[in-house]
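A quick write-up on the structure given underneath.
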Amino acid sequence: VADEALLARGANVDPLPPGRYACLSVEDTGAGMDDTTRQRMFDPFFSTRGVGRGMGLAAVLGIVRGHHGTVCVRTAPGQGTGVEVLLPEAGGPAAGPQGAGTPVTA
């Protein structure tokens, strides 16, 4: 169950309701990211590997947001990176009628 504190850490445009979310979590033990890199990681075409690359994370974030979810990132230089993709469970807090693409409101 995702609470307000966890959801507030995500790359959200609007606040998400607490509730049951499926979570895909990936971690590495690499170099990690500094604050400047972390703040830009979802920018289209931003890359630490050269000019003109970097649509991957921007596309991922767009898809996740389109499904009323979020992406949470934990990283620090020298400490690796952890990424959690949170998507509401079917019939969960942000789910609307199938195919509607908008949440049901009471």
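Computed from phi, the 3J(HN,Hα) profile of the stretch 56-64 under the Karplus parametrisation 6.51, -1.76, 1.60 (θ = phi - 60°) reads x, 6, 5, 5, 4, 4, x, 5, 5 Hz, with x in place of Gly and Pro.
Roughly speaking, what is the stretch gain from VAL60 to ALA5, that is 0.36 nm per residue apart minus the C-alpha to C-alpha distance, in nm to one decimal?
17.6 nm
Computed over protein heavy atoms with a 1.4 angstrom probe, the accessible surface ordering of MET41, MET55, largest first, is MET55, MET41. ARG38 exposes around 80 Å² of accessible area when a 1.4 Å probe is run over every protein chain in place. What net charge do the residues around ALA2 carry, taking every other residue with its C-beta under 11 Å from that of ALA2, with Lys and Arg at +1 and Asp and Glu at -1? Local charge sum for ALA2: -2.
Does the stretch 1-94 classify as rounded, prolate or oblate by the C-alpha gyration tensor (a ≥ b ≥ c root eigenvalues; a/c under 1.5 gives rounded; else a/b over b/c gives prolate, otherwise oblate)?
Prolate, since a/c reaches 1.5 and a/b exceeds b/c.
All other residues whose Cβ lies under 11 angstrom from that of PRO18 are scored, Lys and Arg at +1 and Asp and Glu at -1, for a net of -1.
Ordered by 1.4 Å accessible area with all protein chains kept, SER25, SER47 run largest first as SER25, SER47.
The values are calculated or read from the model by the stated rules, or taken from the named source; none is laboratory data. If you're wondering where the values come from, they're calculated on a predicted model, not measured in any experiment. Neighbour counts are summed over all protein chains in view; Cβ atoms, including those assigned to glycine, are modelled from backbone coordinates with ideal geometry. When the accessible area is computed, the model is the full protein with side chains, heavy atoms only, and any ligands, DNA or RNA have been set aside. Shrake-Rupley method; radii C 1.70, N 1.55, O 1.52, S 1.80 Å.
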